[in-house]
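Enquirer: Once you've had a glance at the structure underneath, I'll fire off some questions.
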There are 2 protein chains.
Amino acid sequence: MELKAYLAERRQWVEDALEGLLPSDEAGGTILKAMRYSLFAGGKRLRPILCMAGAEAVGGQPRKVLKFACAIEMIHTYSLVHDDLPAMDDDDYRRGVPTNHRVFGEGMAVLAGDGLLTEAMVVITDPATWQGLEPARVMEAANLVMRAASFRGMVGGQAADLEAEGKGGELSDVEFIHMRKTAALISASVESGGVLAGGEPNQLTALRHYGMRMGMAFQIADDLLDVEGDPGLMGKPTGSDEAKGKLTYPGVVGIAQAKAKASQLVREAIGIVSTLGPRAEALVEIARFVVRRVS
Amino acid sequence: MELKAYLAERRQWVEDALEGLLPSDEAGGTILKAMRYSLFAGGKRLRPILCMAGAEAVGGQPRKVLKFACAIEMIHTYSLVHDDLPAMDDDDYRRGVPTNHRVFGEGMAVLAGDGLLTEAMVVITDPATWQGLEPARVMEAANLVMRAASFRGMVGGQAADLEAEGKGGELSDVEFIHMRKTAALISASVESGGVLAGGEPNQLTALRHYGMRMGMAFQIADDLLDVEGDPGLMGKPTGSDEAKGKLTYPGVVGIAQAKAKASQLVREAIGIVSTLGPRAEALVEIARFVVRRVS
């Protein structure tokens, strides 16, 4: 398969569906503008693409889980808006444009994040989303995603990240943070697609373990890009993790070891998901792509 | 019925259920402590009590919707934590104790709010919550609550409130804000209870309209207490709305008119919900109680 074309096509599906789910509307006021500002700031849409690929890997139709997948992108975007806040990572740029609070102010940015998170739940529970899907399965998939977003996952990882800032830490600390902050939602994206498509327990286990390893590798790659990446390509300055005293994988084990770890995780992820056969080809290619970004 | 004893009993149900849903756990770290700090700061638990009363008003069992009702309280608490932030209302005290960000810091308070909001959705989608309820009805009730919490409701009301600060406004502006910021979630609390208990469309309409009026009356009473209340009883200083240039009902129409409006809304609410018969007695008494707080 041609991954670049595949990703471009799926990304367009997500853009179009998001536009339909959260259309521009003057009556929505500043808050809707602020929500849309970050939602349409040009992300890779990796998580919704993974959700659809998870559905396909167990024999489902990707289009049937598209709206649910878009809700995951809203959750991801809310987390970026809140992470960028002055009281958190205090970032001025994201994807090449000023961060939400730099444009709309801090209070409105908190609310824009809240608006995106509640909107994800509005979308998930909307009959238009779960049409043609079994309600009990939608609940199960939603529970999985929400647990990954909760204090057990993303919120907990960000809290640990905040507490670790400037204090340093060990490998186990950075793994604790990365697993929760990044890998949990990536894994839930893949697995929830499988759940919605009616995957068997052993298939779902494979998707979950693939997602955990892929998510970890993705975050290590992100850490590495902050050290070695091209700021022009990334739309934000590099070296910011070190400047802030952030706990990162290369910061703890060095660049060479971090690269080796990312490669190993991707190999494991591919091995696990290959058991699902040719329908999992996209997941294999996406994992290869993640590690190619840095090696 | 003896409202005081009724409210005390139901409040205890909610306290116990919340404790079971979000138990203390050292492994949960600072984030869980911060979430629990605000969740167990001694609220009236009005919204979950209204949700259960909504179920009863259409012939349902209150215990069957208790966990769902607790999720609404988590949503309410998240909104208080974020509203109190320095970038928003910048409040130092709430219910007699320092606000979340005064104890845990601003970044952690943002995350505590996020943690409570995601936890609400974890609870709603947990099979233990919807055991014995129809999944499609739980989805419908959840959608109703989430819309009320979204930019169409609570988040939108808070955003408008933020923008209006210090600018003044008319009666239509304050009604726009109060309807979204307060009445929307109160109305959704009552109606979702009715939905979960299998209420008929005309019954649900009555619950919704009751909730809107009761919620508006509740917010007007809150505004009035900020002008005339006893700071010792309320656990926070009075006069803060005026000091901040907040748009309030008595600020726009005066104290006497605001009281008259609250009384009128409660009369209407009682008239509407009385059509449901004696099973709606608790809702009638709660509405009377709301206006008694200020008259």
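Values quoted throughout were computed directly from the atomic coordinates according to the rules given, and no laboratory measurement underlies them. Not measured: the values here are computed from a predicted model. With ideal geometry, Cβ positions are generated from the backbone for all residues, glycine too; neighbour counts draw on all protein chains shown.
Enquirer: Within chain A, which DSSP H helices have Cα atoms that stretch 30 Å or more along the helix axis and a mean Kyte-Doolittle hydropathy of at least -1.0?
Expert: TM-like helix candidates: A:201-228.
Enquirer: Ignoring solvent entirely, what values of log10 I(q)/I(0) come out of the Debye formula for segment A:19-63 at 0.24, 0.25, 0.32 Å⁻¹ when each Cα is a single scatterer?
Expert: Treating every Cα as an identical point scatterer, log10 I(q)/I(0) equals -0.83, -0.86, -1.08.
Enquirer: May I pose another question? Please report the base-10 log of the normalised intensity I(q)/I(0) for segment B:3-292, using a Debye sum with one equal scatterer per alpha carbon and no solvent, at each q in 0.07, 0.10 (1/Å).
Expert: Those come out to -0.24, -0.50, one per q.
Enquirer: Just counting partner chain Cβ atoms within 10 Å, what average do the residues of peptide B:141-148 show around their Cβ?
Expert: 5
Enquirer: Could you put A:154, B:212, A:1 in order, starting from the residue whose Cβ has the fewest other Cβ atoms within 10 Å?
Expert: A:1, B:212, A:154
Enquirer: For segment B:165-295, taking Cα atoms only, what is the radius of gyration to one decimal and the Dmax to the nearest whole Å?
Expert: 15.4, 46
Enquirer: Under 5 Å between amide hydrogens, which residues at least 5 positions from residue A:93 or on another chain qualify, with H placed 1.01 Å from N in the peptide plane?
Expert: A:99
Enquirer: Return, for the Cα atoms of the protein assembly as shown, the radius of gyration and Dmax in Å, separated by a comma.
Expert: Radius of gyration, then largest Cα-Cα span, for the protein assembly as shown: 24.1, 73 Å.
Enquirer: Could I get the Rg over Rh figure for segment B:47-198? Both from C-alpha atoms, Rh via Kirkwood, rounded to two places.
Expert: Value, to two decimals: 1.01.
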